Amino acid sequence: MRLDKFLVDCGVGSRSQVKTFLKKKQVTVNGQVETSPKTQIDENQDQIAFQGQALTHETFVYYLLNKPQGVISATEDARHKTVLDLLDDTARHKQVFPVGRLDIDTHGLLLLTNNGDLAHAMLSPKKHVDKIYQAKVDGIMDQEDILAFEKGIELKDHTCQPAKLEIVSVDRAVGTSLVQITIAEGKFHQVKRMVAACGKEVTELQRLSMGPLSLPNDLEVGAWRRLTEEELEALTAVSYTHLRAHETAA
Ligand code: URA
């Protein structure tokens, strides 16, 4: 591939910025300064460095964000800060997008990638990727609610698949509950609406996990990191199974 495309793909800068960096002799290929954007390189063999730092070519990138409240799960918004504003230039350059949405007032685990196939697999209802949420609830959730979740909550426009409700604690004095809810679907405001169907109200919602990914304890609200190799392998296993199942069905 062309050297300038490789550098742009790596998030070094725009095509014109990259041209300038090349002119300023800030790029080396196998230890030799290279100044022409048109130079052909083999991204799997050649060692490319920018300002002395080795670069690796990645087509797909994967970010795990601890989404804060008040930020929109979208790539652009006229009024609010988006999750993309919290990531780095590479993420924006590579056009990552959130894999599914969290409401503006929900916080917790959000995966972002530019790998459309993987995102599609993770979101496919056929795939049954479990999402675990922790909710603070106004009201006392009880055994009856657990059974209703197991049976499949009826919403106005949708009958939910069986879901798991675990009661972590209740505070009878103030009439609140802390619960964990596992759902495989991702309908609009689903958790809030399921709890509302039981006559109670979610006052705070946090996503703890999505499929094989869990919110790391040491990832502060608003902070992100790239997926580890192990996480990516686990995720790819989920999507690969999905794609294979699809192929078989086709
Ligand atoms: N369910 C909701 O109600 N809100 C979210 O953000 C995610 C799941």
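The values are calculated or read from the model by the stated rules, or taken from the named source; none is laboratory data. All values derive from a computational prediction rather than experimental measurement. So basically every Cβ, Gly included, is an ideal-geometry build from the backbone, and we count neighbours across all protein chains shown. Just so you know, the surface numbers come from the protein's heavy atoms only, side chains and all, with ligands and any DNA or RNA stripped out. Shrake-Rupley method; radii C 1.70, N 1.55, O 1.52, S 1.80 Å.
Taking all protein chains as present, what is the carbon and sulfur share of the accessible area of the chain, in % to the nearest whole number, probe 1.4 Å? Kindly include the intermediate steps, with their values, before the conclusion.
On the way: 6650 of 13870 Å².
Its accessible area is 48 percent carbon and sulfur atoms.
Can you tell me the FRET efficiency between LYS187 and ARG226 if r is taken as the Cβ-Cβ distance and R0 is 25 Å, rounded to the nearest 0.05?
Values: r = 29 Å, r/R0 = 1.17.
Rounded to the nearest 0.05, the efficiency is 0.30.
Could you tally the net charge around LEU147, taking each other residue with its Cβ under 14 Å from the Cβ of LEU147, Lys/Arg +1 and Asp/Glu -1? Mind showing how you got there, number by number?
On the way: positive: LYS151, LYS164; negative: ASP142, GLU144, ASP145, GLU150, GLU154, GLU166.
Residues close to LEU147 contribute a combined charge of -4.
Under the rule a/c < 1.5 gives rounded, and otherwise a/b versus b/c splits prolate from oblate, where does the stretch 161-225 land using the Cα gyration tensor? List each step's numbers first, then the result.
Details: a/c = 2.03, a/b = 1.33, b/c = 1.52.
It is oblate, given that a/c is not under 1.5 and a/b is not larger than b/c.
For n ≥ 4 DSSP H runs only, could you compute -39500 (n - 2.57) per run for the chain, divide by its residues and tell me the 222 nm figure to the nearest 500? Walk me through the numbers on the way to the answer.
Numbers: 7 runs with 67 residues, N = 250.
Estimated from H runs of four or more residues: -7500 deg cm²/dmol.
Can you list the lysines whose alpha carbon is less than 27 Å from that of LYS38, not counting same-chain residues fewer than 8 positions off?
LYS5, LYS19, LYS23, LYS24, LYS25, LYS94
Can you give me the solvent accessible area of THR182 with a 1.4 Å probe, rounded to the nearest 10 Å²?
20
If you take the beta carbon distance between HIS57 and ASN217 as r and set R0 to 35 Å, what does 1/(1 + (r/R0)^6) give as a FRET efficiency, to the nearest 0.05?
On the way: r = 32 Å, r/R0 = 0.92.
Between HIS57 and ASN217 the formula returns 0.65.
Ignoring ligands, DNA and RNA, what accessible area per residue does the stretch 156-198 give at 1.4 Å, in Å²?
Numbers: 2390 Å² over 43 residues.
Accessible area per residue: 56 Å².
What is the sum of charges around ARG193, taking Lys and Arg as +1, Asp and Glu as -1, for the other residues whose C-beta is under 13 Å from the C-beta of ARG193? Walk me through the numbers before you get to the answer.
Values: positive: LYS156, LYS187, LYS192, LYS200; negative: ASP103, GLU154, ASP157, GLU185, GLU201.
Result for the local shell: -1.
How much net charge surrounds MET210 when only the other residues with a Cβ under 14 Å from the Cβ of MET210 are counted, with Lys and Arg +1 and Asp and Glu -1?
My count for the surroundings of MET210 gives +2.
Which of rounded, prolate or oblate describes the stretch 31-95 when judged by the alpha-carbon gyration tensor and an a/c cut-off of 1.5? Could you put the intermediate results ahead of the total?
Numbers: a/c = 3.26, a/b = 2.80, b/c = 1.17.
Judged from the Cα gyration tensor, the stretch 31-95 comes out prolate (a/c at least 1.5, a/b above b/c).
LYS156: which lysines have alpha carbons under 27 Å from its alpha carbon, excluding same-chain residues fewer than 8 sequence positions away?
Within the straight-line limit of under 27 Å, LYS156 reaches these lysines: LYS126, LYS127, LYS131, LYS136, LYS164, LYS187, LYS192, LYS200.
Along the charge dipole of the stretch 6-74, which of THR39, SER16, VAL27 sits closest to the positive end, that is, farthest toward it, with unit charges on the beta carbon of Lys, Arg, Asp and Glu (+1, +1, -1, -1)?
Working it through, the farthest residue towards the positive pole turns out to be SER16.
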